[in-house]
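Worksheet: one structure, shown below.
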Amino acid sequence: MPNNAKNKSKKKIIIFGILGLLIIGLIIIAITSASKEEVITVTTEKVARRNITQKVAATGKIQPEFKVVITPEVTGEIVELPVKEGDRVKKGQLLIRIKGDQYKAQKERLEANLQSAKANLKIREAELKRIESEFRRIKELHDKNLVSDAELETMQTNYLSAKASYESAIAMITQSEAQLREVLEILYKTTIYSPLDGVVTNLKVEIGERVLGSNFTQGTELMTVSDLKNIEAVVEVDENDVVLVSIGDTAEIKVDAIKDKVIKGVVTQIGNSAITKGFGTQEEVVNFEVRIKLIELDDRLRPGMSCSADISTETVENVIAVPIQSVTARTDVKKDEEEMKDQASLNTNNKKEPEEIVFIVENSTAKSVKVKTGISDDNYIEIKSGLKGGEEVITGSYRAISNDLKDGSKVRIEEKKKKNSK
């Protein structure tokens, strides 16, 4: 019995010893796994100085800077149309002639009325002179008491009546002349001449067609004459970007129909009235019209062509810059003790505001740096404070920069893939 008891005791000791070793091993493995840091793979780039140009993108249409929509002021039939769409015309060149027979008849009638009025004036003038002479004679006789007061009053009445008839004849001539000028003006308007040197860009009528004048209505639109030597891009800029645009800013225009050319331009006008689309809906968009005068023209340009514009609003030279994707807004960055005290003294209930930071690499470890940014282009953003240049800034991946990286995170730098050049 004693030997059996001893054997059982030894077995228990061995079992508990093995269990203890297993537990110790598991604890060591757990501690080792917990202390092992995750290594994050990143890409980096040296911080350097660059020139950065901020640009605003917009889309719109190509339009002539100067164009005139021709509408008639008189109603009638088109009897002459010597131009067609696409023709180049000179200022003063005949564009269209409207039948004016009825106005010619009115002109002849009014000319006859004017001649009659002039003849009547001569008669009234002669009559007035005769009565005026007789009136003076009767007045002299009355002064000598040779004629009665009644005779003098009768002659005075005749004189005033003759004078009124004479003045009426003058007024009739003035009225006839005015009517004749009016008809001559209408008759002149039956012939329309080009108001400028340009191209007929839109012809809407044909010879023989009857058109309406614009005296009482809008009038029939006949054609459009455009000055294609002065062309502009009329684009719409988002309300958030239009405040960045100034008159005189340069722009690069790309026309959809002309793939092989970028046209230079200058901003000449910025609209003050908003252009709202989708009002009252979730898709509501507010834009402002911006006009860009094209400096370099192309014979292939046509009014109405679609275009896009990159407006250069501001340029800074030789500034510290990093790739745009390197800058992120985080609320979990470390602050120094003074910043933490200041934050606590303001209001402990305030939510922590996101801060712009970049991550740099020092001794294979990520370090967050608070930065102040400026303008940006398509690839790089200006750093006004926080970096001095020469640091190795983390440029990717997006997930690492925006979420995974912390102060002190271990990193492994992956070389950027070089583009194959053939």
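Bear in mind that the values in this text are calculations on the coordinates, not laboratory data. Not measured: the values here are computed from a predicted model. Cβ atoms come from the backbone with ideal geometry, glycine included; neighbour counts cover every protein chain shown.
Numbers for the structure displayed
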| quantity | calculated |
| --- | --- |
| Rounded to the nearest 20 debye, dipole of region 226-315 from Cβ charges on Lys, Arg, Asp, Glu | 400 |
| Lysine pairs within region 127-206, Cα separation less than 24 Å, 8 or more sequence positions apart or different chains | 5 |
| Additional length obtainable on full extension of the chain from S148 to Q175, 0.36 nm per residue less Cα span | 5.6 nm |
| Formal net charge of residues neighbouring E125 (Cβ-Cβ distance under 15 Å; K, R +1; D, E -1) | +3 |
| Max mean-square fluctuation residue, GNM over the chain, Cα-Cα springs under 10 Å, options T217, T157, T71 | T157 |
| 11 Å cut-off, amide nitrogen to a point 7 angstrom out along T331 Cα→Cβ, residues in region 353-375 | 353-355 |
| Dipole of the chain [Lys/Arg +1, Asp/Glu -1 at C-beta], most positive-end residue of N272, I292, V255 | V255 |
| Ascending count of other beta-carbon atoms within 10 Å, so fewest first, for T315, T224, T281 | T281, T315, T224 |
| Separation in nanometres of the label points that stand 7 Å from Cα toward Cβ, at E132 and V69 | 5.7 |
| Label-point separation, N318 to E239 (7 Å along Cα→Cβ), nm | 4.1 |
| Among A162, I320, S364 the positive-end extreme of the charge dipole of the chain (Cβ point charges) | S364 |
| Calculated SAXS-style log₁₀ I(q)/I(0) at q = 0.10, 0.12, 0.25 Å⁻¹ - region 100-189, Debye, Cα scatterers | -0.42, -0.52, -1.07 |
| Translational D in µm²/s for region 56-139 (Stokes-Einstein at 4 °C, 1.567 mPa s, Kirkwood Rh from C-alpha pairs) | 67 |
| Residues N363 and S308, FRET efficiency given R0 of 51 Å [Cβ-Cβ distance, rounded to 0.05] | 0.65 |
| Contour excess over end-to-end distance, with Cα ends at K259 and D197 and 0.36 nm allotted per residue | 19.4 nm |
| Descending principal axes extents, region 226-315, alpha-carbon based, whole Å | 42, 28, 25 |
| Listed pairs K90/K261; K229/K259; K277/K384 exceeding 26 Å between Cα atoms | K90/K261; K277/K384 |
| Ellipsoid semi-axes in whole angstrom, largest first, where each is sqrt(5λ) of the Cα gyration tensor of the chain | 99, 29, 21 |
| Extension gain (nm, one decimal) between T276 and N230, 0.36 nm per residue minus Cα-Cα | 13.7 nm |
